[in-house]
Amino acid sequence: GAVVSQHPSWVICKSGTSVKIECRSLDFQATTMFWYRQFPKQSLMLMATSNEGSKATYEQGVEKDKFLINHASLTLSTLTVTSAHPEDSSFYICSVTGQRYEQYFGPGTRLTVT
Amino acid sequence: GEDVEQSLFLSVREGDSSVINCTYTDSSSTYLYWYKQEPGAGLQLLTYIFSNMDMKQDQRLTVLLNKKDKHLSLRIADTQTGDSAIYFCAERGNQGGKLIFGQGTELSVKP
């Protein structure tokens, strides 16, 4: 399966600042990547579908101006949480899609906003 | 709409078999998946099954699919303490390859 990395693995930031999270597909050219967030003891919530070279498709209820996604190459997608607030504290996970629509996930990024 | 349901908890003794169940609503699902998540980590793909199959076995893992009842199960033979984790089933939705996840089943293995 595909190998996916995320950076950073955890980050603490002050309220009002912006944070960028990187998702890299290390051995696979990914035209599509997905971004999820996960709250403790809960399932994954799909935030957006990141498409290489075009605009991301956001799920209903996800603010596209707050969660900026850039998929500039076949191996890198970034999620920027702008003007972060404590309620944005969460576990953010990205994934890439394989040939049978299976998804390979990154290790996740723990964001804490103080 | 599409929905995937799982029971939230399962507790077994080491060496026993574990069976984690999942039901889904989208009869057009082509692929169904099982993922494992350990604390603080991403999701690890364990196995998947194509909708025209009834069963798939991979070492200690057996997946059973009852398409008529829209029921999927994951059996772990000889469960070990290292199998303690949250297990998610997922189906491929009908929109652009998105996966629809269940709530996750927390498996606790007691020595």
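The values are calculated or read from the model by the stated rules, or taken from the named source; none is laboratory data. Fair warning: this is a prediction, and the values are worked out from it, not measured in the lab. No Cβ is skipped: glycine too gets one built from the backbone with ideal geometry, and neighbour counts run over all protein chains shown. In case anyone asks, the SASA skips ligands and DNA or RNA and just uses the protein heavy atoms, side chains included. Shrake-Rupley method; radii C 1.70, N 1.55, O 1.52, S 1.80 Å.
Brief remarks follow.
- Averaged over the residues of B:97-110, the number of partner chain Cβ atoms lying within 10 Å of the residue Cβ comes to 3.
- Among residues other than A:Tyr58 with Cβ under 12 Å from its Cβ, the summed charge is 0 (Lys and Arg +1, Asp and Glu -1).
- Placed amide H near A:Glu59: partners under 5 Å, 5+ positions off or other chain: A:Ala48, A:Thr49
- Alpha-carbon centroid distance for the pair the range B:76-111 / the range A:17-46, whole angstrom: 18
- For chain A, built as a Gaussian network whose Cα springs stay under 10 Å, the top-fluctuating residue of A:Ile93, A:Ile69, A:Ile12: A:Ile12
- Around the amide H of B:Gln103, modelled in the peptide plane, lie the amide H atoms of B:Gln6, all under 5 Å away and 5 or more residues distant in sequence or on another chain.
- Partner lysines whose Cα lies under 23 Å from the Cα of B:Lys36, excluding those fewer than 8 positions away in the same chain, are identified as A:Lys41, B:Lys56, B:Lys67, B:Lys70, B:Lys98, B:Lys110.
- Each chain gives up part of its surface: A and B jointly bury about 1600 Å² of accessible area, both sides summed, for a 1.4 Å probe.
- Residue by residue, the range A:75-88 carries 3J(HN,Hα) couplings of 10, 9, 10, 10, 10, 10, 8, 8, 6, 5, 10, x, 5, 7 Hz when phi is fed to the Karplus relation 6.51 cos²θ - 1.76 cosθ + 1.60 (θ = phi - 60°); x denotes Gly or Pro.
- Most simply put, the protein assembly as shown has about 90% antiparallel DSSP beta bridges, counting only bridges with both residues inside it.
- Cα gyration tensor shape for chain B, rounded if a/c is under 1.5, else prolate or oblate: prolate
- For B:Lys98, the residues whose modelled amide H falls within less than 5 Å of its own, excluding neighbours fewer than 5 places apart on the same chain, are B:Gly93.
- For the protein assembly as shown: rounded, prolate or oblate by the Cα gyration tensor [a/c cutoff 1.5]: prolate
- Along the range B:68-85 the Karplus relation, 6.51 cos²θ - 1.76 cosθ + 1.60 evaluated at θ = phi - 60°, assigns HN-Hα couplings of 4, 8, 6, 10, 10, 9, 10, 10, 10, 7, 6, 4, 10, 4, x, 7, 4, 4 Hz to successive residues, with x for each Gly and Pro.
- Gyration tensor verdict on the range A:37-114 (Cα atoms; rounded if a/c is under 1.5, prolate if a/b is larger than b/c, oblate otherwise): oblate
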